[in-house]
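Chemist: Quick one: structure below, then a few questions.
Every read-out reported here was derived from the displayed coordinates using simple, explicitly stated rules and does not represent laboratory data. Note that the structure is a prediction, hence the values are computed from the model and not measured. Cβ placement follows ideal geometry from the backbone for every residue including glycine, while neighbour counts extend to all protein chains displayed.
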């Protein structure tokens, strides 16, 4: 079962930091129906790692990464809206990325893939709209990396969306987030199996990937959540091992099981490219953010942040909201007290659904 | 220049989780003068990595890890107090640890070192007091790991201190701290150069140690501090490299330079042992904490925590303060708003000096 469709990128597709792609494409999925006026579309940009499969559908009944948020009567109400979710350019779930075949060589791009920027991911989404004949979105929406992409999208494509929803995003990565992400990349690139990106498909740098993902998971959650959830419970007996310095606590088993799933699904080079793109993003490179956001001709915006988020702190999101307001956009800023940290948008669907549904249900 | 002195441990020295040491010793330094009544001593237990050299002295004029806090007229006023700082058992700066020679084999202990506990570190400090002829301390004090050790010390050696100062410590490691520390250990143990602890002295697992220390440094500071300190400044030109995914930002260069210093100074196996001991510590294993602290016969206590501390959260320290109060100890709880995170006690000497000096200067 596969609900993906593909938009072909212009050939060449110029990359924001130089270089170009040939024969590139963007994978996406849709839910609901585009109305005759073609003005009821919501475009979702994802976080670092999810595919375009945000929710189940007839064509693909497996649960999506935002299952419970997208569907008839849900926050992103597919009875009313035509919802599109794109797999980011540079990822490995159907869109062109470092794990794709380079038509010039017939081999995987690997580190021969051009520099990837958040701006390229935004442009990839915009190409999907062109393919679908949509000139102006009702709403462009994104959490995490997606919350950076929507800002780039607004800056690069004026008048392409009526409303914007930025969830746990930022206008520029903070040094703390850069530190945490760059260590994850270094954990992978120092795994001898990475081999300058030339690992074979059946021998990826799993040791580095697993550790990088464990660290990622920690940065996506919070101390308060884990104190409630795991306390000092011992690791499940079936996960225990007799190695020196083996895991002893339940929280370690949790990290291990999530990491094992991730490693089998995500390509290491794609991870490195997207992670670096997040560090490099800075809306200021496009000019004065307030002028850019004014030019974007947004009518209204919703900016959601989470108090316990380690990676995208509340002050960063307050700043995005302030810039939108200063640009004349009717902006609602929602700092939430969820304890699930950066991942709260994936976990506390009730709170996020109410915020997003309330915003989308208004004008 | 070396100001260290050594206390010989009883032979055998039974370890808290089993096994015993033979021919063990504890390195320590002192400042000030022990009075005739032998009741003006302050014993400092350190965090994970510092040596006994807390401050410069005539015998060793190099700056100590708490330079500016220990000396005549300073918060730990050596005009009034006899200050002792011990290198933790299991460390590698003079005290016996995994990098020491096992008298049974004539070779380094490595992973043959018995399991290390916070309780063993407390007992090591207590042996120094015996060697110095001190029956009861004026104050037992420790930051970070040291803040765990002082609680173990109070529980294990009743009536051995009149006052207690616990700085950014905890009665039991949180699952979030366990997650972060266990990943640091795994980064080291997955470095092929670690070789099950059998690396040679001239080829330690520097890749893993460097990465683990970078992660450690992140967990010791805070996002707010680095936003002020580094922002998105680029890396210094002399630290830049042309590798794939090389560091690009100032914060990355900062982590790199700190990590390089640490790797050359600290033994990897010692790091693993002490780090694991921190995860395992749980005051509750000794019995009801309130009953234990009552039995300790402390007169007063100071518990300091920092709002921005990721590793030892304020609620944990509030809990320590509450238990001390419930045990009838006159307790001052000081939650501080410093932005330097867990390391604030090393950085914001003005605020910490005032808190600690104020407490010690009182009764």
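Chemist: Mind giving me the FRET efficiency for residue A:135 and residue B:257? R0 is 56 Å, r the Cβ-Cβ distance, nearest 0.05 is fine.
Modeler: Values: r = 51 Å, r/R0 = 0.91.
Plugging the Cβ-Cβ distance into 1/(1 + (r/R0)^6) gives 0.65.
Chemist: Whole angstrom only: what separates the Cα centroid of the stretch B:202-234 from the Cα centroid of the stretch A:327-363?
Modeler: What the calculation gives is 32 Å, centre to centre.
Chemist: I need the semi-axes of the equivalent ellipsoid of the stretch A:245-363: take the C-alpha gyration tensor, multiply each eigenvalue by 5, square-root it, list largest first in whole angstrom.
Modeler: On the way: eigenvalues 215, 81, 34 Å².
Equivalent ellipsoid semi-axes, largest first: 33, 20, 13 Å.
Chemist: How large is log10 of I(q)/I(0) for the stretch A:177-275 at q = 0.13, 0.21 Å⁻¹ when the intensity is taken from the Debye formula with one equal scatterer per alpha-carbon?
Modeler: -0.51, -1.10
Chemist: Something else: With the label 7 angstrom out along Cα to Cβ, how close does residue A:111 come to the same site in each of the other copies, in nm, nearest first?
Modeler: Here the equivalent label points are 3.2 nm apart from this one.
Chemist: To the nearest whole percent, what portion of all C-alpha pairs in the stretch B:1-54 is separated by more than 16 angstrom?
Modeler: 60
Chemist: Which of A:64, A:90, A:133 moves the most in a Gaussian network model of chain A with Cα springs under 10 Å?
Modeler: Most flexible of the set in this elastic network: A:133.
Chemist: Pop a pseudo-label 7 angstrom from the Cα along the beta-carbon direction at both residue B:58 and residue A:291 and give the gap in nm to one decimal.
Modeler: Simple spin-label model gives 6.7 nm for this pair.
Chemist: Distance from the Cα centre of the stretch B:240-266 to that of the stretch B:57-90, in angstrom?
Modeler: 31
Chemist: Give me the percent of DSSP beta bridges within chain B that run antiparallel, rounded to the nearest 5.
Modeler: The antiparallel fraction comes to roughly 35 percent.
Chemist: Also, quick follow-up: Defining a contact as two alpha carbons under 8 Å apart and six or more residues distant in sequence, what relative contact order in percent does the stretch A:273-341 show? Spell out each step's value before the answer.
Modeler: Numbers: 83 pairs, mean separation 25.2, N = 69.
Normalised by residue count, the contact order of the stretch A:273-341 is 37 percent.
Chemist: If you don't mind, another one. For chain A, what's the relative contact order in percent, using C-alpha pairs closer than 8 Å and at least 6 residues apart?
Modeler: Numbers: 771 pairs, mean separation 64.9, N = 363.
That works out to 18 percent.
Chemist: Normalised by the residues of the stretch A:177-275, what does the relative contact order come to in percent, with Cα pairs under 8 Å and at least six apart? Write out the running numbers ahead of the final one.
Modeler: Numbers: 89 pairs, mean separation 30.1, N = 99.
Relative contact order for the stretch A:177-275 comes out at 30 percent.
Chemist: Follow-up. Report, for residue A:195, each distance to the same residue's label point in the other copies, shortest first and in nm; define the point 7 Å along Cα→Cβ.
Modeler: Label point to label point, same position, other copies: 2.4 nm.
Chemist: Which of B:46, B:170, B:217 moves most in a GNM of chain B, Cα contacts under 10 Å?
Modeler: Judging by the Gaussian network model, the answer is B:217.
Chemist: Would you kindly state how much longer the chain becomes between residue A:229 and residue A:299 on full extension, computed as 0.36 nm times their sequence separation minus their alpha carbon distance, in nm to one decimal? Let's see the in-between values first.
Modeler: Numbers: separation 70, 0.36 × 70 = 25.20 nm, distance 4.08 nm.
Full extension from residue A:229 to residue A:299 adds 21.1 nm.
Chemist: Using only Cα atoms, what is the ratio of the radius of gyration of chain A to 2.2 N^0.38 Å? Working shown, then result.
Modeler: Working: Rg = 20.0 Å, N = 363, 2.2 N^0.38 = 20.7 Å.
With N residues counted in chain A, Rg over 2.2 N^0.38 Å equals 0.97.
Chemist: Compute the distance in nm between two label points, each set 7 Å from the Cα along the Cα-to-Cβ direction, one at residue B:111 and one at residue B:354.
Modeler: 5.0
Chemist: Pick out which of B:304, B:134, B:274 has the largest mean-square fluctuation in a Gaussian network model of chain B, springs linking Cα atoms closer than 10 Å.
Modeler: Of B:304, B:134, B:274, the Gaussian network model singles out B:134 as fluctuating most.
Chemist: In addition: Please report, to two decimal places, log10 I(q)/I(0) for the protein assembly as shown at q = 0.05, 0.06 Å⁻¹ as given by the Debye formula with identical point scatterers on the Cα atoms and no solvent.
Modeler: -0.28, -0.40
Chemist: Of the listed peptides A:37-43, B:207-213, what is their order by residue-averaged count of other C-beta atoms within 10 Å, with the highest listed first? Write down the numbers at each step before the final one.
Modeler: Working: A:37-43: 18.9, B:207-213: 24.9.
Put in order of decreasing packing, that is B:207-213, A:37-43.
Chemist: Quick one: go through the stretch B:193-236 and flag any residue whose amide nitrogen is under 20 Å from the point 7 Å out along the Cα-to-Cβ line of residue A:284.
Modeler: B:223-236
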